[in-house]
Amino acid sequence: MQNKNLRRLVAGASTAAIAAGFAASFGVGAASAAPVSQSTEWGQWTFNRTISNGTPAPGDTITVTNNLRFNGGLAPTISEFRDFHPACLTYVADSSRVEGKGVSTFANTTDPTFVRMTGSWIRSAVDRNISYTLDYTVGANCGRDLALTTGTGVSANQGLGSELRTAGPSLTVPKSASTAAVAVSPAPQVGRATTLTATVTAAATGTVEFANNGTVLGTGTVSNGTATYSWTPAAAASYSITAKYLGDATYAQSTSAPQTGTVTPAPTAPAAPTALAANPAAVTAGDTVTITGKAEANSNVTVTAGGKTCTATANAAGNFACTIATDTAGTLSVTAVATNAVGASPASAPVTVQVSAPPVGTVVISVSPAAPTAGDTTTITVIGIDAGTAVTIKAGTNTICTTTALANGTAGCAWTAVAGSQTLTAEVTANGTATTVTKVVVVEAGQNPGNPTFGSS
């Protein structure tokens with residue numbers, strides 16, 4: 001309620017604002033409490049108002065001091081002071097003082113933007129000044145980086161009251177400081193998506209802007225304190241990734257420290273293996289040949305010799321080796337192909353192996369791969385037998401197959417080996433004479449856990 005003697009003046013005001021160390025920049029809070037003051041002439045009164053901290057943070061307590069002077073003729077008797085404030089400020093109970101003494105004070109229940117101090121204060125021609133102080137607590141619901149207006153009013157007899165809700169000074173609650181950090185995973189590679197993840201102050205909302213070397217890549221929306229962006233580099237180059245949190249109504253902007261590095265080129269299929277060599281370069285059918293060479297480190301290498309293959313994995317230095325079993329006389333052309341996750345290389349330049357037929361009457365058993373693995377299919381070939389004759393091949397006492405020798409003097413069958421030392425037997429006819437030959441083969445229980453550089457077939 002307003003005193004019936006209150007006189008409202010709606011024009012003719014002159015104001016002078018005094019900022020005592022006021023922090024002019026908005027955003028992150030002031031380094032220390034800086035009071036703000038404003039002197040306003042309104043009607044026959046001068047209001048000299050000071051707020052103890054012009055840039056408070058939520059939870060701070062501020063003190064408003066109002067020194068009033070009556071500028072007219074006969075000084076009035078004052079019955080009420082009103083202090084106008086933003087609704088987000090809460091009056092501190094029992095904090096109000098008039099001329100240093102406690103005073104009856106009421107927070108308005110229907111209008112939370114002012115406080116009333118009531119009493120009777122007689123002014124005279126020689127004592128025209130009076131002052132009051134009161135405290136407020138700054139609420140978290142105060143708008144940030146906004147000029148929040150304050151004002152005052154006085155009720156007096158003789159119709160000499162006055163009220164100016166914008167008497168000032170204004171105060172500003174800065175936005176709270178925020179933090180931002182960025183992570184880059186997996187390591188950037190040309191043509192492959194990398195996730196940029198920004199972590200910001202837990203309660204922050206809004207948007208994060210991701211940049212590389214100062215160029216904006218895109219944005220992500222903050223959810224539960226993080227924002228992400230998927231980046232697929234187009235070229236191999238150095239990178240410096242930053243995440244800039246753009247702020248919201250409560251939190252100020254912040255930029256992460258950069259994450260730096262180099263975008264690696266996209267992987268390619270290996271080059272053709274090189275330095276292919278056969279040792280020995282001349283063998284008798286049934287013997288084995290070791291093939292060596294160089295290929296992309298850690299690539300899988302397949303060596304092909306006629307209809308036979310062997311495999312190996314190139315070591316960190318790119319070296320590989322594997323063994324081929326021979327079974328047919330002639331010139332054997334050997335090539336190698338390397339494969340990685342992207343694809344296969346062209347075939348290497350070939351090397352040749354001269355394979356001679358065994359002496360007449362000599363029978364040889366050849367096994368491919370040369371070092372069989374249990375459970376895998378192994379080819380057994382008998383060489384140097386009479387064409388068209390019957391052949392029986394056994395592993396121990398178990399018959400693997402019974403077949404007929406081909407025109408080139410060979411016979412063979414497939415065998416699924418079991419682990420351990422196995423004795424192979426071939427019952428054949430060679431140079432018109434029935435004969436039996438044997439070969440001891442060691443069958444591995446599984447993939448060789450040893451040096452991964454070598455394989456055999």
Percent relative contact order for the stretch 14-164, counting Cα pairs under 8 Å at least six residues apart, stands at 26
Which of [x] 31.0; [y] 23.6; [z] 22.1 gives Kirkwood radius over Cα pairs in Å as computed here? It is [x]
Ranked output for segments 131-141, 252-262, 294-304 by mean other Cβ atoms within 10 Å, highest leading, reads 294-304, 131-141, 252-262
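Using only the Cα atoms of the stretch 300-457, build the gyration tensor, take square roots of its eigenvalues as a ≥ b ≥ c, and label the shape rounded, prolate or oblate: rounded if a/c is under 1.5, else prolate if a/b is larger than b/c, else oblate.
On the way: a/c = 2.77, a/b = 1.59, b/c = 1.74.
Oblate shape, in that a/c is at least 1.5 and b/c is the bigger or equal ratio.
Which whole-number percent is the relative contact order of the stretch 364-443 (Cα, under 8 Å, 6+ apart)? Could the numbers behind the result be given before it?
Values: 194 pairs, mean separation 26.5, N = 80.
Dividing the mean separation by the residue count of the stretch 364-443 yields 33 percent.
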For residue 116, the net charge from surrounding residues (Cβ-Cβ under 13 Å; K, R +1; D, E -1) works out to -3
In terms of the alpha carbon gyration tensor, root eigenvalues a ≥ b ≥ c, rounded if a/c is under 1.5 and otherwise prolate when a/b exceeds b/c or oblate, the stretch 203-361 is prolate
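Based on other C-beta atoms within 10 Å, arrange 41, 80 from fewest to most. Could you put the intermediate results ahead of the total?
Working: 41 17, 80 21.
Ranking 41, 80 by Cβ neighbours within 10 Å, fewest first, gives 41, 80.
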Most exposed first, judged by fewest Cβ atoms within 10 angstrom, 114, 106, 70 run 106, 114, 70
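Let me have the relative contact order for the stretch 274-357, percent, based on Cα pairs under 8 Å that are six or more residues apart.
Details: 220 pairs, mean separation 29.2, N = 84.
The value is 35 percent.
All other residues with a Cβ under 12 Å from the Cβ of residue 437 taken together, and with Lys, Arg as +1 and Asp, Glu as -1, what is their net charge?
Here the charged neighbours net out to +1.
Arrange 178, 230 by Cβ neighbour counts within 10 Å, fewest through most, would you?
Working: 178 22, 230 12.
Least crowded to most crowded, the residues run 230, 178.
Laboratory data are not the source of any read-out in this text; all were calculated from the coordinates shown. In this text, all values refer to a predicted model and were calculated from it rather than measured experimentally. So basically every Cβ, Gly included, is an ideal-geometry build from the backbone, and we count neighbours across all protein chains shown.
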